[in-house]
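These notes are about the structure you will find just below.
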Amino acid sequence: MAVTDIEIAGVEKRYGEHVALARVSLTIPAGQFVALVGASGSGKTTLLKTLNRLITPDAGAIRIGGEDIGAGPPHRLRRKIGYVFQEVGLFPHLTVGENIAVTPRLLDWPPARITARVEALLALVALPVAMASRAPSELSGGQRQRVGVARALAAEPGILLMDEPFGALDPLTRDALGTDVRALHDRLGLTTVMVTHDMAEAVLLADRIVVLRDGAVVADGAPEDLARSVADPGVRDLLDAPRRQALRLAARLGGGQ
Amino acid sequence: MSEAFALLPDYLAWHVLLSASALTLGIAISLPLAVAASRHPRLRWPLLAGAGLIQTIPSLALLALFFPLLLLLSRLTESLTGHGFSALGFLPSLLALTLYAVLPVLRTATTGLMGVDPAVREAADGVGMTPRQKLWRVELPLALPVIMAGVRTAAVWTIGAATLSTPVGQTSLGNYIFAGLQTENWIFVLFGCAASATLAICADQLLGLMEAGAARRDRRRVIAGGAGLLIGVAIALLPLVSFGKPAGYTVGAKNFSEQYILAELVAGRLERGGAHVVRKEDLGSAVAYRALAAGEIDVYVDYSGTVWTSILGRTDNPGREAVVDALTKELRARDGVVVLGSLGFENAYAFAMRRERAAELGVTSLADLARLAPRLKLGSDIEFLSRPEWKGVDAAYGFSFKREIRYQPTFMYRALASGDVDVISAFSSDGRIAADDLVVLTDPKGALPPYDAVVLVSGKRAGDRKLMAALEPLIGKVSVEAMRAANYSVDRDGDKATPAEAARALEAALN
């Protein structure tokens, strides 16, 4: 697998007057699980989408493994990067198996390899192999997003990008899928960037949390370091939210002696 | 009825070939346009409005407009490359029907493509599809059910409108309708309508099967519908393959009974000589001559006065023989067209009235008619009042009728009989003049030119001895009485003969 260090250098994006990204610089070493956290409009999704050129920055450069991603045609870059969408975005006219096989087919893998890969991926995301022939519309929300993750990983990418992947799921499914994705990250040695507005999810899954506000990075570090060192009241508030919520929950449920 | 069935394989084959080609071409044109329209909002309005505008042109006019346009193009390519192409028949019909098929497909395909979920579009980009792959693998399959609805509409329109290709010289199921209308053969008209409607329903149902298959992502239905269509088209086209004998003669005819009979007379003689003959009937008056001059038809019968005024633009009247002699020289020099000779009868424009009405008003000549014109209504055929002959006779006598009403020839006689009009522009060889007891008004000023029926042969057949030998025996042999009898056998209300039967009876009477 190629070296997958991600280097973001002075990336800027504007929509008219609105600044979506203000000279963001960030280096993500290979193998790290990074959570981009922030309120709506903080620029976290915009930043994620610049990484596979779904959005083109106005200024700055992004290098993956030392190579500028703006060099070749965008589809070639995207085939090497797994992407999990917020709205899942499974192709409704294709079966589950065909959805997973989409990128390997674009890469002209031999059919036998594709079939084996689809079966392996269904097992990897804990879905029965028989599901390959079902239509996406027959699946539950959690099953659909598992297929979304399998599709993103199909062509054996080194990098996995996820845009609020668990946002629409019920809490139990969300918890289970989050844990599974983290396990996959470790097992496959991925470099993962996940956008979320849920600090608890970020703390539970990520090695490193990057907090954005108004298109700029306002905090960056491992969860435990951030918890110790951050002074910015807004970020502090955000970081403390899960703990406060846990305490309130414990109090109301009568635990925590 | 059995005669209608005998003609069906040929008519149906051409009708299917024409509508299937037009539909295929229409889809091929409108899909790229729909892709462009769905991506660029600035293109959307002009494209959809343009296609909508074409749809508002009456189909018959659209078909008619392509003939002069193609003729011009054909002359241009001929002067550039030395090879022209046929401006008559298949090509103008195909182009007009293709334009007709574009709108419904363009409209629904644009809607369908714009209706694809943006999240699915983004996913297509995200998994690494190129814009082309996104279109073919995601957008078009998802828009397919909506597009198919437009294809169904286009198919039904095209099959219906294809019946109108008969007047520009393309054989279709419209031949039943146009010929039936002229000869008052209502069985033919109904047969043509029923055949065309059945075809449209079959195509619609098979396309509907494909549409349902596309909507339910059921490949078997899509394949079944598609296979049904392909097999249907293939079977319908079989007669063209077996009839596709080496090039023969093309005999033209204008759009009235006498022309059908004379075309059958000519075709019959050529066929008995072993030649393969194609008939192009229901041609407009000017279309027929131009098609002959361009070599698209080989032979047809026209009338000396018509060519004299319409083609040569003459307004003088030097007399019957002088006109035919002058035509022989001038057409040869102008277009290489051979005037083989006069058949022996005249089919002149003649003003006719019911005998008792003429007696009551005391009208015997055009001069009398002109005096009473302000109180009288004139019925004419569709083209007479636009023709130079009318301008000539009007200039000579100074008519100002109370009303002038245009009819299909068949209905013109009806209108005279029922008293809706007082006088009509009849044809002197028409059997109905004798049968309906009409009087033909005299022309004391000689304003109407002579109308000898003359056999015209295209320049490219000028050296064809076999053709000349087959047709020369007809010259001077057809009397006006024989022609009237033949015409009447086709036009009368009961016990109608077909033009082919009338032609056989006419030929038998010659010998």
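Using the Cβ-Cβ distance between A:A130 and B:R371 with R0 = 56 Å, the FRET efficiency computed as 1/(1 + (r/R0)^6) comes to roughly 0.05. The stretch B:470-511 and the stretch B:287-331 have Cα centres separated by 23 Å. The charge dipole of chain A, taken about the Cα centre with unit charges on the Cβ atoms of Lys, Arg (+1) and Asp, Glu (-1), comes to about 340 debye, rounded to the nearest 20. For the pair the stretch B:344-415 and the stretch B:61-85, the centres of their Cα atoms are 37 angstrom apart.
Amide H contacts under 5 Å for B:Y303: B:V454, restricted to partners 5 or more places along the chain or on a different chain, H placed in the peptide plane at 1.01 Å from N. A simple charge model with +1 on the Cβ of Lys and Arg, -1 on the Cβ of Asp and Glu and nothing else charged puts the dipole of the stretch B:382-509 at about 480 debye relative to its Cα centre.
For chain A, a Gaussian network of Cα nodes joined below 10 Å ranks A:V147, A:V102, A:V37 by mean-square fluctuation, and the top entry is A:V102. By the helix-only formula, in which each DSSP H run with n ≥ 4 contributes -39500 (n - 2.57) and the sum is divided by residues, chain A has a 222 nm mean residue ellipticity of -12000 deg cm²/dmol. The long axis of helix B:320-335 is offset from the longest Cα principal axis of chain B by roughly 30 degrees.
Rounded to the nearest 0.05, the FRET efficiency derived from the C-beta distance between B:L60 and B:R121 at R0 = 45 Å is 0.55.
A full extension of the chain between B:R332 and B:Q205 corresponds to an added length of 40.4 nm, given 0.36 nm per residue minus the alpha carbon distance.
In this structure, the amide hydrogen of B:F351, modeled 1.01 Å from its nitrogen in the peptide plane, lies closer than 5 angstrom to those of B:A426, B:L441, counting only residues at least 5 positions away or on a different chain. Antiparallel beta bridges, as assigned by DSSP with both residues in the protein assembly as shown, represent about 55 percent of the total such bridges.
DSSP finds beta bridges in chain A, and of those with both partners inside it, around 50 percent are antiparallel. The charge dipole of the protein assembly as shown, taken about the Cα centre with unit charges on the Cβ atoms of Lys, Arg (+1) and Asp, Glu (-1), comes to about 1300 debye, rounded to the nearest 20.
Note that the stretch A:1-144 presents 45 Å² accessible area per residue, ligands and nucleic acids not counted, probe 1.4 Å. Scoring B:449-459, A:88-98 by mean Cβ neighbours within 10 Å over their residues and listing the highest first yields B:449-459, A:88-98. Just going by the charge dipole of the protein assembly as shown, with Lys and Arg at +1 and Asp and Glu at -1 on Cβ, which of B:L7, B:V241, B:S489 is farthest out on the positive end? The residue sitting farthest along the positive end of the dipole is B:V241. Across the stretch A:21-167, the mean sequence separation of Cα contacts (distance under 8 Å, 6 or more residues apart), normalised by length, yields a relative contact order of 30 percent. Annotation for B:D316 and A:A227: the two label points, set 7 Å from Cα along the Cα-Cβ direction, are 11.7 nm apart. When the Cα gyration tensor is reduced to axis lengths a ≥ b ≥ c, the ratio a/c is 1.5 or higher for the protein assembly as shown, and with a/b above b/c it is classed as prolate.
Buried accessible surface for the B/A chain pair comes to about 1600 Å², total over both chains, computed with a 1.4 Å probe.
At a 1.4 Å probe radius, carbon and sulfur cover how many percent of the accessible area of the stretch A:67-145? Carbon-and-sulfur percentage of accessible area, whole number: 54. Full extension of the segment from B:V241 to B:R75, taken as 0.36 nm per residue of separation minus the current Cα-Cα distance, would add 56.8 nm.
Quick check on my link table: of B:K460/B:K496; B:K280/B:K496; B:K254/B:K496; B:K377/B:K477; B:K254/B:K329; B:K445/B:K477, which ones sit more than 26 Å apart, alpha carbon to alpha carbon? Violating the 26 Å Cα-Cα cut-off are B:K460/B:K496; B:K377/B:K477; B:K445/B:K477. The stretch B:31-54 and the stretch A:31-93 have Cα centres spaced 33 Å apart. Each residue of the stretch B:126-143 is assigned a 3J(HN,Hα), and the resulting list reads x, 7, x, 7, 6, x, 5, 5, 4, 5, 6, 9, 10, 5, 5, x, 6, 8 Hz, derived from the Karplus form 6.51 cos²θ - 1.76 cosθ + 1.60 (θ = phi - 60°), x at Gly and Pro. Modelled this way, with points 7 Å down the Cα-to-C-beta line, the labels at A:A59 and B:K402 are 9.0 nm from one another.
The values are calculated or read from the model by the stated rules, or taken from the named source; none is laboratory data. These numbers were taken from a predicted model, which means no experiment stands behind them. A quick note on method: Cβ atoms are made from the backbone with ideal geometry, for glycine too, and the neighbour counts reach across all protein chains shown. Keep in mind that these areas ignore ligands, DNA and RNA; they rest on the heavy atoms of the full protein, side chains included. Shrake-Rupley method; radii C 1.70, N 1.55, O 1.52, S 1.80 Å.
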